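Report on the following structure.
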Amino acid sequence: MGSYLIRCGRLFDGVEKMLRERMEIRVEGTQITAVGQGLVPKEQEQVIDLSNATVTPGLIDAHVHLSTFDWKRREYEMLYCSKAWKGMAVLYHAERALRRGFTTLRFMGCNCDDGYASLDAKRLIQQGYFPGADLVIAPYYVGSVGGMADAWRCAKGNPELSNRLTREYPGVGSGRDFFIGAVREQAKMGADFIKLMANGGFMSLTGGPGDVQLLDEEYAAVIETAHQCGIPVTAHAYTPATIRKLVDLGIDGIEHGSLLDEETAAYMRERGVYLVPTFMQYDGIVQGGENAAGGKRDAAFEEKLRTYAKQLRAGRAVIRNSGLMLGYGSDICDMYPCHECGREYSSWLESGFDPFQALMAATSVNADILGKQEIGRVLPGKRADLSAWSGDLLTEPQALMDCCFVMKGGTIYQTEKRGERTYES
């Protein structure tokens, strides 16, 4: 770390929906100390010329899954690889996401037991042992036996093994007392928030996104206990009925919400509940007609997407016009490498969103969702998390796939573009 004067071609500061021309940023140590025009370099201050790029706050992805190295072998790794393997996968993807301009990631758990390795990965990055995006962690999904949180799908042909996996997973069980204990355990271990699997999903082996997966008293136990422990709760939920139920119970946020209707969106907005919509997962059917996922998923998954196609398209229009606090989350786990967080940006632009809304979602809005006021904005006093992009962020849907500069906490890291692998720190 040192003292830097960064000259920007254009600056998006995470505060105003505009690009400001020819701005300069002073970084001293870990902090931004000045932002303006005509700043004069101090003695021994290094000048960084980004006059051909657009500078933004370091980006934040609020919905990632990082516990497997190879998305094509996801179920194999979850079942057959060690807890240490899964923790190292988190470190690997956190580093590669950082090199692609994402300085903070919100880890949404995994349906495999990693021995709380995701929390170790977070601490190792914080303490400087490994480079990587900062992590905000929900260690394990919380949900029902046989539901979306249950790892049984990896061993569905072996009942004895499947049941053993269910028993050993810290977040899966039944009854109010179980869920009170499960939340308290995660809070004890250092969870930043709780991820509740409230509905089924398009990847469910049985049923679908409309399934209600817990009893009302179980939902309430999760939310009440987390708040008692001083941590927020967000929920994997799709349907208006389940979302309204969770809002009534005091949920802080919703993930996906893909089947949202106008009345439920208004209900969420009135009560200050945010939404992280994760568009990319459903782009094939929403934007590509009957081509559900371009052949990247299994036939059952694609058939569910086709069944819900009309509702998914309507839901996206509702989200676009909802006025909700919308966060940026990629939810990449089974189509591309999970550190390619910039892929979600094209979904926003191609769905008719203002580019600034997407950029706000990936910076200041996500900072607020994560409760991390020190990041997400280029302002004096904020932490020096900065990224720069050579493409036109307002017109190029793939612009967030090519980062040309990244700084986290005042330290500069080598960037990595599409198709590149770098290991130097």
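Looking only at residues that are outside any helix (DSSP H, G or I) and among the acidic types (Asp, Glu) in region 347-375, which one is nearest to the chain's Cα centre (by Cα)? Residue satisfying both the conditions and the ranking: GLU374. Residue count for region 303-327, restricted to those that are in contact with a Phe, Trp or Tyr (Cβ under 8 Å, 6 or more places away or on another chain), modelled with pLDDT of 95 or more and assigned to a loop (DSSP other than H, G, I, E, B): 3. Within this structure, ALA300 fails the test of being over 22 Å from the mean Cα position of the chain (by Cα), surrounded by 22 or more Cβ atoms within 10 Å (Cβ to Cβ) and modelled with pLDDT under 95.
Of the residues making up region 1-52, those that are closer than 20 Å to PRO355 by Cα, in contact (Cβ under 8 Å) with a residue 60 or more places away in the chain and buried (at least 21 other Cβ atoms within 10 Å of the Cβ) number 6.
Checked against the criterion of being open to solvent by less than 10 Å² (accessible area, probe 1.4 Å) and either over 23 Å from VAL318 (Cα atoms) or in contact with a Phe, Trp or Tyr (Cβ under 8 Å, 6 or more places away or on another chain) (or both), the candidates GLY342, GLY381 yield just one match: GLY342.
For region 359-376, indicate whether the set of residues that are open to solvent by less than 30 Å² (accessible area, probe 1.4 Å), within 18 Å of ILE48 (Cβ to Cβ) and of a type outside the set (S, T, N, Q) is non-empty. For region 359-376, residues open to solvent by less than 30 Å² (accessible area, probe 1.4 Å), within 18 Å of ILE48 (Cβ to Cβ) and of a type outside the set (S, T, N, Q): absent. When the residues of region 122-160 are filtered to those that are of a type outside the set (Lys, Arg), modelled with pLDDT under 85 and not in a loop (DSSP other than H, G, I, E, B), the one that is farthest from GLN373 (Cα to Cα) is ALA155. Taking (1) of a type in the set (Asp, Glu); (2) outside any loop (DSSP other than H, G, I, E, B); (3) touching a strand residue (DSSP E or B) at 6+ places or on another chain (Cβ under 6 Å) in turn, GLU344 satisfies each apart from (3).
The values are calculated or read from the model by the stated rules, or taken from the named source; none is laboratory data. Note that the structure is predicted; figures quoted are calculated from it, not measured. Every residue, glycine among them, receives a Cβ derived from its backbone with ideal geometry; neighbour counts consider all protein chains shown. Keep in mind that these areas ignore ligands, DNA and RNA; they rest on the heavy atoms of the full protein, side chains included. Shrake-Rupley method; radii C 1.70, N 1.55, O 1.52, S 1.80 Å.
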